[in-house]
Structure formats: structure tokens, C-alpha cells
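The values are calculated or read from the model by the stated rules, or taken from the named source; none is laboratory data. Quick caveat: nothing in here was measured; it's all calculated off a predicted structure. Because the Cβ atoms are built from the backbone with ideal geometry, glycine has one as well, and the counts that use them run over all protein chains shown.
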Amino acid sequence: MPVLGAVIGNTVGVVMYKAVSSALSEREAALIERYFAEQRILDEQFAGEYQDLIDKLDAGMSDYLSVLERAFSPNVEIALLGSIELALELGVAAEEVLDSSEKVLAYFLD
């Protein structure tokens, strides 16, 4: 009889283990599926935001490169106006920008 009790106990243990293991696997699978669903939603949300930021960056770089091109133009008049625009674009206070003959003379001669 003790052997029969051990066999029955072992069989019940195996059945219980498989039942619990299966339940955990289903629970884990549900958690993983939920996680993937949340990740897909976040991916879609951030993809749009990322593209908006890239578009803004492209526009800003395009403007900056255009100003930079004018500031370093071989044509002196274009370069002067481009340098003024570049200084203002980079945050130099308007009163500190040498944008007139008087300001240029005062800066270099005073």
C-alpha cells in the first residue's frame, strides 16, 4: 500500500503541476500579448511625433543653411546682408549687430 500511495501522490503531483503550468503559461501569454499591444500603440504614437520632429528639424536646417550660404556668399553685398541675418538668427541683440555704416565705423574706429 505505501507504494500505491506514492504512485497516486506522484500522479496527482504531475497532474497538478501540468494544470498550474498550463495556467501560468496562459497568464504569461496574455501578459506578453498585452505588452506587445501596448508597444504597438506606443510605436504608432511615437512614430508620428518622431516624424513631426524630423520635419521641423529639416525645415530649421534648411533655413539655417540658406542663411549660412548667404552669409558666406562671394558677393559682398549678399554676404553683408547674410551676415546680419545670421547674427540675428543666432540670437545676437539687434542693437549689437553691425548693420549700418555708422555702427561699423563706431565699432572699428572708436
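Within the set Tyr50, Tyr64, the sole residue that is touching a residue at least 24 places away in the same chain (Cβ under 8 Å) and not charged (D, E, K, R) turns out to be Tyr64. The criterion of at least 3 residues that are at pLDDT below 85 and either among the small types (Gly, Ala, Ser) or more than 41 Å from the chain's Cα centre (by Cα) (or both) is met, among helices (runs of 4 or more DSSP H) falling completely within the stretch 1-109, by 2-71.
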